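Take a look at the structure set out below.
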Amino acid sequence: NEVDHALAVGTPVAFDVGLMGTIVAEARVRLVDLDTKDVFFGFTDISPNTFSVQTDVISNNGSTTLTYAASDVVGFYLSAELTDDEDWHTVYSGGTTSAETDSTELDVDDDAVAGEWQVLRLELAVNGTARWYVDGVLVRTVTGAVSTSVDLSCMLAVEAKTANIELMHVDYMMVEAVRDWTI
């Protein structure tokens with residue numbers, strides 16, 4: 001209930017795409033409302049222990065321009081501050097493909113609907129290719145979206161943009177990866 005304060009569930013920084021792919025993360029979520037919040041679900045090189053979506057992962061200019069705070073990030077992003085404030089966006093930075101900063105190019109035209117459950121799924125292949133799915137439908141594929149050598153954490157987070165209490169219901173969050181036996 002404080003501006004730019006987040007609540008997240010996640011893993012330690014422990015996933016190496018090149019050694020542990022294909023890595024799959026999936027969550028079933030429901031937002032009570034779509035106002036005054038940021039939501040992030042995906043992977044980043046930032047630990048979920050003490051972080052802010054806006055300060056540490058990704059922020060926007062209040063319309064269509066994104067700024068990546070984390071050097072490595074790939075996932076779903078929804079922000080009440082974006083022009084298209086109800087759509088899921090497929091964000092990425094840190095791989096061999098240049099990060100897209102225009103949110104209109106990342107909008108998957110699949111609105112989150114207040115009070116309705118959605119399944120978000122992200123697959124990261126060993127070559128850095130990312131695939132985003134919403135409710136079982138492939139909505140985007142980007143080759144080289146993510147680094148194949150930087151260790152990442154997986155997190156699901158909601159952050160208040162005002163002093164309101166923000167809610168996100170989570171039915172489950174699942175992460176699967178190949179075990180790296182070389183370490």
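One table, with the values for the structure above:
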{"item": "Accessible surface, the range 14-62, averaged per residue in Å² (probe 1.4 Å)", "result": "33"}
{"item": "Apportionment of accessible area to carbon and sulfur, the chain, percent (1.4 Å)", "result": "47"}
{"item": "Two-decimal Rg/Rh across the range 89-139, once Rg and the Kirkwood Rh are taken from alpha-carbon atoms", "result": "1.00"}
{"item": "Computed over the range 27-103, Kirkwood Rh from alpha-carbon pairs, angstrom", "result": "12.7"}
{"item": "Hypothetical label at Ser47: residues of the range 130-174 whose amide nitrogen lies under 20 Å (7 Å Cα-Cβ projection)", "result": "150-158"}
{"item": "Residue among Asp16, Asp135, Asp87 with the largest mean-square fluctuation in a Gaussian network model of the chain, springs linking Cα atoms under 10 Å", "result": "Asp135"}
{"item": "Ranking by accessible area, most exposed first, for Glu159, Glu176, Glu123 with a 1.4 Å probe", "result": "Glu176, Glu123, Glu159"}
{"item": "Per residue, in Å², the accessible surface of the range 121-183 once ligands and nucleic acids are set aside, probe 1.4 Å", "result": "50"}
{"item": "Accessible area, probe 1.4 Å, largest first, for residues Ile46, Ile23", "result": "Ile46, Ile23"}
{"item": "Choice from Glu26, Glu100, Glu116 with maximal GNM fluctuation in the chain (Cα, 10 Å cutoff)", "result": "Glu116"}
{"item": "Value of Rg/Rh across the chain [Cα atoms, Kirkwood radius]", "result": "0.94"}
{"item": "Max mean-square fluctuation residue, GNM over the chain, Cα-Cα springs under 10 Å, options Ala157, Ala14, Ala125", "result": "Ala14"}
{"item": "Extension reserve of the Val9-Asp135 stretch, reckoned as 0.36 nm per residue once the Cα distance is removed", "result": "43.3 nm"}
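The values are calculated or read from the model by the stated rules, or taken from the named source; none is laboratory data. All figures in this text were calculated on a predicted structure; none of them were measured in a lab. All Cβ positions, even for glycine, are placed from backbone atoms using ideal geometry, and neighbour counts span all protein chains on display. What goes into the accessible areas is simple: the full protein's heavy atoms, side chains included, and nothing from ligands, DNA or RNA. Shrake-Rupley method; radii C 1.70, N 1.55, O 1.52, S 1.80 Å.
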